[in-house]
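Asker: Input: one structure, supplied below.
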Amino acid sequence: MSEKFSLTVNGSVHSVTADPDTPLLYVLRDDLGLNNPHFGCGLAQCGACTVHLDGQPIRSCITPISTIGDGKITTLAALGTPEKPHPLQTAYIEEQVPQCGYCINGWLMTAATFLRDNKKPTDAQIKDALSGLKCRCGTHVAILRAVKRAAAMMG
Amino acid sequence: MTRMEKSANFSRRALLRTGGALVVSIGAPMSFDFARADDAAMSAAVKPALTPDQLSSYIAVNADGTISAFFGKMDMGQGLFVAVGQIVAEELDVPFDRVNVFMGDTATSVNQGGASGSTGLQEGGKQMRVAAAEARRVLVAMAADKLGVPAEQLSVNGGVVQSNTEMAKSVSYADLIGGRYFNVHLDWNGKFGNPLYAPGKAQPKDPRTHTIVGQPLKRQDVAPKVFAQQDFCTDIKVPGMVHGRMIRPAIAGAVPVKVDDSAIKDIPSARVVWNQGFLGVVADKEWDAIKASQQLKVEWSEAKPPFPNQTALYDHIRNAPVRKRQVEGKEAGNIEDAFKTAARVIQAEYEWPYQSHASMGPACSVVEIKDGHVTCWSGTQKSHFVRAGIAAILQMPEDNVHVIWTPGPGSYGRNDADDAAMDAAVLAKAIGKPVRVQYMRNQGTGWDPKGPASVHQVRAALDASGNVIAYDFLSKAFSRVDVDTNGSKPYDTLAGQLLGADLKSGDGFGIPAESYAFANKRTAWEVIPPLLDRGSPLRTSHLRDPVGPQIHFASESFMDEVAAAMNMDAVEFRLRYVKDPRDIAVIRAAAQKAAWQTRPSPRKDQTGDKVSGRGIAYAQRNGTRVAMIAEVDIDRRSGKIWVRKFTVAHDCGQIINPDGLRMTIEGNVVQGISRTLWEEVKFDNKNVTSVDWLSYPILDITETPEQIDVVLINHPEIAPSGAGEPSSRPVAAAIANAVFDATGVRIRRVPFAPDYVKAALS
């Protein structure tokens, strides 16, 4: 049965009615109209649905809305803006990373917390941090260029 | 904002701006006296019919001086629209940022074939080039008339036509025609799709004068994507829309015989749509539709497990009846006689598995049927063909169907997008509401059309001096067009097949594309019937560079085997037999860039478990040439291969955008490595068992090459050929040849997964 939930997303509080087992992904996309994140697998295998919950990346496709509680959710839409971009967004544009672009939500949101917590990472650390995320177009080399560029920008 | 909205707004604005008297074109030849009338007739207030023989079908000059280019193909992520915009801007002499390219909307573009066979520039760009050149010619003629200056004395700069002698005499494109439409007839060749060609009277520019074409301009869609402002087809929402999910059988080929919806009674708004083999559910909320699809109780027909066990796949192919045999290309000499005289025969057999598009997201489509008109949003590669398919399955006139291409979650050929569009159309008609269908992951990987599995038998005859005197290459495989490359016919889609359409499985494969000159040469293919003829998760169609990776894995591995048997260096061997000068140039360029050391393979200077090697492979593809060198590290204990470095030399004629080209090649290489090392559709006798990223693994970022060097060979004097796929095809052979160089062991079956390699090495 549907229940009411209060969700804090990108700094705003929203009230939604949904089944408690509804994955957060569908609430964000269909009820709140936030088109990122994306549905990729529904199995936490690809990362396309990644959002931040209290500053940590989670896979929203397997996270029931009933488990969010008072947690603060951030989506790609709030990572940065064209006027005030996150360094990763700047780097992605400079390096022209995406091809189809459907996967980039996962890479950006995962890399954002990694670079926040790891200054001057090695190449191996970057790869390990991003391991498991999927990109089907094969933009991996460009992704690494961009993340390294962003790491340099973030000092 | 969706592309559709942009496009429609443009049309509405254009309509509001116009409203002058209707100008009717006179088809008869004009004398000089009628020049003014001719110019007036070159534009019209009402847009001429959207037909390939009208300039307005490709180019419009808007009142604000911007240019709209209407393109009947679409970009799958390689930045094609940037290159097309560059071509249009170049020919029209307007700044690049003034051109907007609208792609693949059936209401604004003619059928140029969609995304197909790397022809975006080769065919699509060629047409946009002549259309833009003709637009410039017409605009200059109109300016000549308006300014009273002969056209020869006019030049165009930034969209302003100016007298070469009197600076004051100038007029902008916008003032000449802005907001009205070209009313100019083109010399259309009568063809639709990739071969569509409709030039005007104008000659395109001499490539030596290009200033916009050839520049590394950036894509305008990257920023919207990284700022979460770009809508994919998965993001389309229309009022009253419900969510649909499809239900597929556990045993392929089974059809529902009893559907019990009591199990979904507690799910609000859930409804079942069942017709013959077609079974789906809809619900107002997406999660409800998913739950309903999982909870619905379905009794399926008794179906005999249709597939062999996976281990028997290649034996099945070898033993299967041949449905069609084709010798392609130029058959040289007499193969059988030559083999009889051979001093030595080398032969080998190679195997390639079924592979899945496994697009990043499963396909999605939204279909709305309103007042007898259908609107479909789809990430298809071929919107005009999907339009025909929807019209056929809904039994409506094509004119009443509008397909709006919207970027999808990745596409590399005939993936599941066209099936999703048809499923959405059938559901929307059945329930009388707009329906959004997105497949689940297990359907995206498990039920998309597959790249065909194949076996390749190759042999070469050597004379006593070690010269190759005969070469015989045969592929035996599932067809590349068991279902066709587009969804224009219901029988080529799951929905059509499940609703009982008469089947029509096509025959097609291919041959190696190279210029090895052997005195006796035969290249042929044989196609076998599909394992299951209707509603099969192993139906086969086009997956990036259709059949190219399979064929060239075999042919270019084999060339290495011959070179090794002759104790020859692999580059030297190729240069000895390859005859095309551009082929030779890419091979030399790759070898030079990679600092190739001339020596035979395998290396004999390595001991221990960690070994390294290098390998080369090369191929042509419809005019493009590519040579690539893989450098690999192998751990003999684990069988794990790391492709450390790739060097690519690429010649696709004139380069329109070098940065876009470079990124396209990088994507091909990485995806090609993934297909070579990891990708194999697994199945048991009942169904496909590759249903997610664990059961269909692809390359992980930890396995990415540390370096991909790309050498671009530019030939401005040669019309551009394709780049979307050619650099996919030699990847597997380059890696196989490098593995042989490192280990002395020849891997003849893809994928080179660690367990398989480990077993091969021990």
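Every number here is computed from the coordinates shown, using simple stated rules; none is lab data. Keep in mind that this is a model prediction, so the values were computed, not measured. Positions of Cβ are backbone-derived with ideal geometry, glycine not excepted, and every protein chain shown enters the neighbour counts.
Asker: How charged is the neighbourhood of B:D416? Take every other residue with its Cβ under 10 Å from the Cβ of B:D416, and add Lys/Arg as +1 and Asp/Glu as -1.
Answerer: That sum, taken over residues with Cβ under 10 Å, equals -3.
Asker: Out of the GluC sites (Glu not before Pro) in the range B:122-190, which ones are loop residues according to DSSP with at most 13 other C-beta atoms within 10 Å?
Answerer: B:E166
Asker: For chain A, compute the number of Lys pairs whose alpha carbons are separated by less than 29 Å, excluding pairs fewer than 8 positions apart on the same chain.
Answerer: 19
Asker: Kindly state, to the nearest 0.05, the FRET efficiency for B:D175 paired with B:K218, given R0 = 30 Å and r defined as their beta-carbon distance.
Answerer: Efficiency at R0 = 30 Å is approximately 0.50.
Asker: Could I ask something else about it? Quick one: B:V691, B:V483, fewest Cβ neighbours within 10 Å first, how do they rank?
Answerer: So the ranking, lowest neighbour count to highest, is B:V691, B:V483.
Asker: Excluding residues fewer than 8 places away in the same chain, name every one of the aspartates and glutamates whose C-alpha is closer than 17 Å to that of B:K640.
Answerer: Result set, ordered by chain and number: B:D609, B:E631, B:E679, B:E680, B:D700, B:E703, B:E706, B:D741, B:D755.
Asker: Considering only DSSP states other than H, G, I, E and B, which GluC sites (Glu not before Pro) in the range B:298-347 qualify as loop sites with at most 14 other Cβ atoms within 10 Å?
Answerer: Sites meeting the loop and neighbour criteria: B:E302.
Asker: Same structure, new question: Taking the alpha carbon gyration tensor of the range B:512-627, what are the square roots of 5 times its eigenvalues, largest first, to the nearest whole Å?
Answerer: For the range B:512-627, the ellipsoid semi-axes come out as 31, 20, 14 Å.
Asker: Under the 0.36 nm per residue contour assumption, what length would be gained going from the current alpha-carbon distance of B:V745 and B:A565 to full extension?
Answerer: 63.5 nm
Asker: Related question: Just round it to a whole percent: the fraction of Cα-Cα distances in the range B:156-265 exceeding 23 Å.
Answerer: In whole percent, the long-distance tail amounts to 72.
Asker: Okay, moving on. Which of rounded, prolate, oblate describes the range A:50-119, given a ≥ b ≥ c as roots of the alpha-carbon gyration tensor eigenvalues and a/c under 1.5 marking rounded, otherwise prolate only if a/b is larger than b/c?
Answerer: Prolate.
Asker: Could you state the angle between the C-alpha long axis of helix A:104-117 and the longest principal axis of the C-alpha atoms of chain A, as a value from 0 to 90 degrees rounded to the nearest 10?
Answerer: It works out to around 70 degrees.
Asker: A further question follows. How many nm separate the modelled label positions at B:V238 and B:D502, each set 7 Å beyond the Cα in the direction of the Cβ?
Answerer: Label at B:V238, label at B:D502, 3.2 nm between them.
Asker: Using helices alone, what [θ] at 222 nm do you get for chain A, with -39,500 (n - 2.57) per DSSP H run of 4 or more residues, divided over all residues and rounded to the nearest 500?
Answerer: Using -39500 (n - 2.57) per qualifying helix, the result is -9000 deg cm²/dmol.
Asker: Taking neighbour Cβ counts within 10 Å as the exposure measure, how do B:I634, B:I236 sort from fewest upward? Display every interim value, and only then the final one.
Answerer: Working: B:I634 26, B:I236 23.
Going from least to most buried by this count: B:I236, B:I634.
Asker: I'm a student and want to see the number: the projected area of the Cα convex hull of the range A:1-144, averaged over all directions, in nm². If you can, show how the numbers build up before the last one.
Answerer: On the way: hull surface 34.4 nm².
Across all orientations, the range A:1-144 yields a mean hull projection of 8.6 nm².
Asker: Let me ask something additional. How far, in nm, would the chain grow between B:A168 and B:Q153 when pulled straight, counting 0.36 nm per residue and subtracting the alpha carbon separation?
Answerer: 4.1 nm
Asker: Rounded to the nearest 0.05, what FRET efficiency do B:V322 and B:E299 give with R0 = 56 Å and r taken as the Cβ-Cβ distance? Could you check?
Answerer: Efficiency for this residue pair is about 0.90.
Asker: Still on this structure, I have one more. Summing -39500 (n - 2.57) over the DSSP H runs of n ≥ 4 in chain B and dividing by its residue number, what mean residue ellipticity at 222 nm do you reach, to the nearest 500 deg cm²/dmol?
Answerer: Computed mean residue ellipticity for chain B: -8500 deg cm²/dmol.
Asker: Give the calculated FRET efficiency between B:D337 and B:N622 to the nearest 0.05, with a Förster radius of 25 Å applied to their Cβ-Cβ distance.
Answerer: On the way: r = 32 Å, r/R0 = 1.30.
Working from the Cβ atoms, E equals 0.15.
Asker: How many percent of the alpha carbon pairs in the range B:577-761 exceed a separation of 29 Å?
Answerer: The proportion of pairs with Cα distances above 29 Å equals 25 percent.
Asker: Rank the residues B:W377, B:W642, A:W107 as a footprinting-exposure proxy: fewest other Cβ atoms within 10 Å of their Cβ go first.
Answerer: Ordered by Cβ neighbours within 10 Å, fewest first: B:W642, A:W107, B:W377.
Asker: Full-extension gain between B:Q203 and B:A760, please, as 0.36 nm times their residue separation minus the C-alpha to C-alpha distance. Mind dumping the intermediate values first?
Answerer: Details: separation 557, 0.36 × 557 = 200.52 nm, distance 5.84 nm.
Length gained, B:Q203 through B:A760: 194.7 nm.
Asker: With all distinct Cα pairs included, what does the Kirkwood hydrodynamic radius of chain B come out to in Å, to one decimal, could you say?
Answerer: Here the Kirkwood hydrodynamic radius works out to 27.8 Å.
Asker: By what distance, in whole Å, do the Cα atoms of the protein assembly as shown stretch along each of the three principal axes, largest value first?
Answerer: That works out to 80, 73, 64 Å along the principal axes.
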